[in-house]
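Q: Attaching a single structure in structure tokens format; questions to follow.
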Amino acid sequence: WEALLDEEGWTTAQLRDQRYDAVVHLVTAADGATDFYNLMDNVARYESVEDATQVDQRLQQAWYGHPHFRIVDNRGKNFNEKVDECLEVITSHLFLPKPCETTRKFLLRKKTNNDYIPMWLNTEKFFVEETFLKNDFENLQEEKVRKRTQAGSSTYIYAFRTIFKGEIIEKKRHITGREYMRLLKRKHPDRLTLEKERHCFIWDVNRYTLDVLLNVPNGPCTLRIETTNKNVDLKLPDCFDIIREVTNLKDYTSYILSKKNWYIPPEDEEYLKLAIQRNPSYSELQAMAETKSNMSDHSRP
């Protein structure tokens, strides 16, 4: 595979991220709906239940790094309901009068050296730059561009939020590097370009995104999931120190975090500040060692 990529001048990130605006994965009936999985009335099926489930999980692993990857599973729904959920995902990526997807977001306790990911958890890691743009349109709430880089390969996305018949609609599309550079000229003067370390992974048939803010002082680390099912029963990953859900709190939206004077909400100071005071980062330890060394030099005769 690597030899083929080198020969054609491709990268895995390019093939996965730049060809499709969205990828929707319908989980096999062999995983969660075995009563409807058989080899008798479907000539396209030839794997056992166990083999089909393993193949399905490998497909999820291959695609979960895509920026708009969604999994439609079999829990609590029949096939028609799976189709309806699939249509909801598709319409969320088209400029149609449909509400935005439900995004649930959780705040994690601050850790030193941004060491949030356990060694055993398979993730796709990216570096993300998110820039908000200045606009003069009354109904346009937010407008931004995003650059997402992995292994030296970057993809670019343009997104905006607008109001349509009283509902908030979000539109996203892939753009070229040239378009990205042109749009950057409209960067909002009062907003930072957010720099994030992003990890995507699958847990309990759900795709999660963990974002670590790199250039906001005392910036939070958040875990989020996007779903069209508002009543989904989430089994949150137990390997993270989750403080609380912050889904509807504006203080933890990217738009507010990009403000140059952002500050930690008072109720979360003990979680986001004290951890740093208890465990200084590597760079802080280096600075303290350098200070001690300088003090020692000045005390010499």
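Q: Measuring from a point 7 Å past the Cα of R161 along Cα-to-C-beta, which residues in the range 239-259 have an amide N at less than 12 Å?
A: Residues 248-257 fall inside that zone.
Q: I would also like to ask the following. Sticking with the crude label model, points 7 Å out along Cα→Cβ, report the distance from K235 to K77 in nm, one decimal please.
A: Computed distance between label sites K235 and K77 equals 1.8 nm.
Q: If you don't mind, another one. Going by Cα centres, the range 136-185 and the range 23-77 are how many Å apart?
A: About 32 Å separates the Cα centre of the range 136-185 from the one of the range 23-77.
Q: Going through the cross-link list K134/K260; K111/K187; K144/K235, which pairs have a Cα-Cα distance over 27 Å in this structure?
A: K111/K187; K144/K235
Q: Next question, about the same structure. In nm, give the distance between the simple-model label positions of A62 and A44, each being 7 Å from the Cα along the Cα-to-Cβ direction.
A: Here the modelled spin labels are 1.5 nm apart.
Q: Hey, another quick one. Thinking of the range 30-81 as a set of Cα atoms, what percent of all their pairs are more than 13 Å apart?
A: Across the range 30-81, Cα pairs with separations above 13 Å total 66 percent.
Q: Sort largest first and round to whole Å: the equivalent ellipsoid semi-axes of the range 142-189, each the square root of five times a Cα gyration tensor eigenvalue.
A: Numbers: eigenvalues 111, 35, 13 Å².
Ellipsoid half-lengths, sorted descending, are 24, 13, 8 Å.
Q: Got a number for the accessible area of V55? Probe 1.4 Å, square angstrom, nearest 10.
A: For V55, solvent-accessible area is about 50 Å².
The values are calculated or read from the model by the stated rules, or taken from the named source; none is laboratory data. Here the structure is a predicted model, which means the values were calculated and not measured. As a convention, Cβ positions derive from the backbone with ideal geometry for all residues, glycine included, and neighbour counts pool all protein chains shown. The accessibility values were calculated without ligands, DNA or RNA, using every heavy atom of the protein model including side chains. Shrake-Rupley method; radii C 1.70, N 1.55, O 1.52, S 1.80 Å.
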